[in-house]
1. Scan the stretch 33-73 for residues that are in contact (Cβ under 8 Å) with a residue 12 or more places away in the chain and in contact with a helix residue (DSSP H, G or I) (Cβ under 6 Å, 6 or more places away or on another chain) and jot them down.
2. Among the residues of the stretch 14-57, write down those that are at pLDDT below 90 and under 18 Å from residue 68 (Cβ atoms).
3. So for the stretch 128-147 (the condition being in the same structural domain as residue 100 (by TED's automatic domain parsing), modelled with pLDDT of 95 or more, under 14 Å from residue 104 (Cα atoms) and not in a helix (DSSP H, G or I)), does at least one residue qualify?
4. Report those helices (runs of 4 or more DSSP H) wholly inside the stretch 24-91 carrying at least 2 residues which are farther than 27 Å from residue 168 by Cβ.
5. Just checking, which of 131, 84 is surrounded by fewer than 19 Cβ atoms within 10 Å (Cβ to Cβ) and over 15 Å from the mean Cα position of the chain (by Cα)?
6. Look at the stretch 188-217 and say how many of its residues are surrounded by fewer than 18 Cβ atoms within 10 Å (Cβ to Cβ) and among the aliphatic types (A, V, I, L, M).
7. Pairs, please: C-beta under 8 Å, at least 6 apart or cross-chain, first residue in the same structural domain as residue 97 (by TED's automatic domain parsing) and in the stretch 160-180, second modelled with pLDDT under 75 and aromatic (Phe, Trp, Tyr)?
Amino acid sequence: MTAILDKKRMGASEVAAEIRAMIVAGSLNSHDRLPSERALCARYGVSRGTIRDALLRLKNEGLVEIRLGSGSYVLENLARQHYEAIIRNTRPLELVDVRFALEPHICRLAVLHGQVADFDRLESHINEMEENADDAQIFAHIDARFHLDLVKSTNNSLLIWIIGEVNEVRKQEQWAKVRSITLEGAIIRTYNAQHRAILTALRARDSEGAANLMKEHLDTARKSLTQAIGS
């Protein structure tokens, strides 16, 4: 529970959201006892009534059990199990569709908020990918870092978290199988050229150009996946 941060002037919904997020993320596991109400009050800088309201919300959601005279305990972590099932069972084409929905606009935000240092970091990733064009495993690892650092340049915490989860899906076994089929020299070189074109547009502060180049990049990935799955 040490991950709970000091918060001031929080309401019950915000306190509940903090604790809920830790349960879903696995920082709090089934049967773990939460700190006492007094300890939670001190951590969050709120009244005991606010803490009790937050815990009641979590109880009503089926996430915690409140035992009179004993404290509050995490119930079986069904939320975590549901999250893990989504990560495990997301199909490659589903993930590409999610990326289509997000990454072109991420490019627009990167143009608005990205700094030269952010773009320099992306270029270092591109250089590494070009140096390892014959090693699919290394390329895939650096490619994930490229897309994560791209979203980090937006300074949007929610988008950063979402792309982090996208990368978790890309670590699953079914992705390893797809990579072994699709990531050969020619397609890697195509991806590298597309990455560099995207970066050029970002540096030029061409938001729509960068977004369209990202669409082209993801369309190439989708076609490659479709051919691999159909073969």
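The values are calculated or read from the model by the stated rules, or taken from the named source; none is laboratory data. A quick note: this is a predicted structure, and the numbers were derived from the prediction, not measured. Methodologically, a virtual Cβ is constructed for each residue, glycine included, from the backbone with ideal geometry; neighbour enumeration extends over all protein chains shown.
1. 37, 40, 44, 50, 51, 53, 54, 57, 58, 63, 64, 72
2. 31 - this is the single residue of the stretch 14-57 that is at pLDDT below 90 and under 18 Å from residue 68 (Cβ atoms).
3. Checked the stretch 128-147: no residue is in the same structural domain as residue 100 (by TED's automatic domain parsing), modelled with pLDDT of 95 or more, under 14 Å from residue 104 (Cα atoms) and not in a helix (DSSP H, G or I).
4. Details: elements: 37-44, 48-60, 78-89.
The qualifying helices (runs of 4 or more DSSP H) are 37-44, 48-60.
5. Testing whether each residue is surrounded by fewer than 19 Cβ atoms within 10 Å (Cβ to Cβ) and over 15 Å from the mean Cα position of the chain (by Cα) leaves just 131.
6. Final tally of qualifying residues: 3.
7. 169/175
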